[in-house]
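Undergrad: Pasting a structure below so you can have a look.
The values are calculated or read from the model by the stated rules, or taken from the named source; none is laboratory data. Quick caveat, the model's predicted, so the values are computed rather than measured. Note that each Cβ is placed from the backbone with ideal geometry, even for glycine, and that neighbours are counted across all protein chains shown. Surface areas here come from the heavy atoms of the whole protein model, side chains and all, with no ligands, DNA or RNA. Shrake-Rupley method; radii C 1.70, N 1.55, O 1.52, S 1.80 Å.
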Amino acid sequence: KSGVQHWWMQRLTAVALVPLTLWLIWSLIQLTGAEHQSVVTWLSQPVQSILMLTLIAATFYHMQLGLQVVIEDYIQTEGIKITMIITVKLVSVLLAASAVFAVLKVVFGD
């Protein structure tokens with residue numbers, strides 16, 4: 001049962017990441033050479049900040065799902081496998097939280 005949900009979530013996040021990544025690339029091209037304040041103003045717009053936060057969440061969740069599959073497939077020792085899966089999940093949450101904090105700091109200022 002959980003394998004099917006894991007598979008679907010990995011596919012769902014992959015599909016979500018396609019337009020979000022294209023949006024980010026297009027936005028970065030548009031912002032090339034822009035001054036710092038212009039980028040802050042751009043990211044402070046509700047649509048842009050929501051898309052950025054969605055991209056962050058989908059990226060780190062997709063990464064965690066993918067690494068979990070690799071660990072389950074290639075690590076044979078049960079204790080090491082569980083330790084690595086927990087570590088990957090914790091690091092993913094930490095990195096995602098750091099990225100979300102950075103975006104919120106830009107959006108809401110100091």
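Undergrad: Along the Cα-to-Cβ line of residue 27, 7 Å from the Cα, sits a label point; which residues in the range 43-64 have backbone N less than 12 Å from it?
TA: Under 12 Å, as judged by backbone N against the label point of residue 27, lie 43-57 of the range 43-64.
Undergrad: Regarding the chain, what's the average projected area of the Cα-atom convex hull, expressed in nm²?
TA: 8.4
Undergrad: How high is the relative contact order of the chain? Use alpha-carbon pairs under 8 Å, at least six apart in sequence, and give a whole percent.
TA: 35
Undergrad: Roughly to the nearest percent, how much of the accessible area of the chain is carbon and sulfur, given a 1.4 Å probe?
TA: Exposed carbon and sulfur together represent 73 percent of the surface.
Undergrad: Show me the ranking of peptides 69-77, 56-64, 6-14 by mean Cβ neighbours inside 10 Å, starting with the highest.
TA: 56-64, 6-14, 69-77
Undergrad: How many Å² of accessible area per residue for the chain, probe 1.4 Å?
TA: 69
Undergrad: May I ask for the angle, rounded to the nearest 10°, between helix 46-74 and the longest principal axis of the chain, with both axes built from Cα atoms and the value confined to 0 to 90°?
TA: That works out to roughly 20 degrees.
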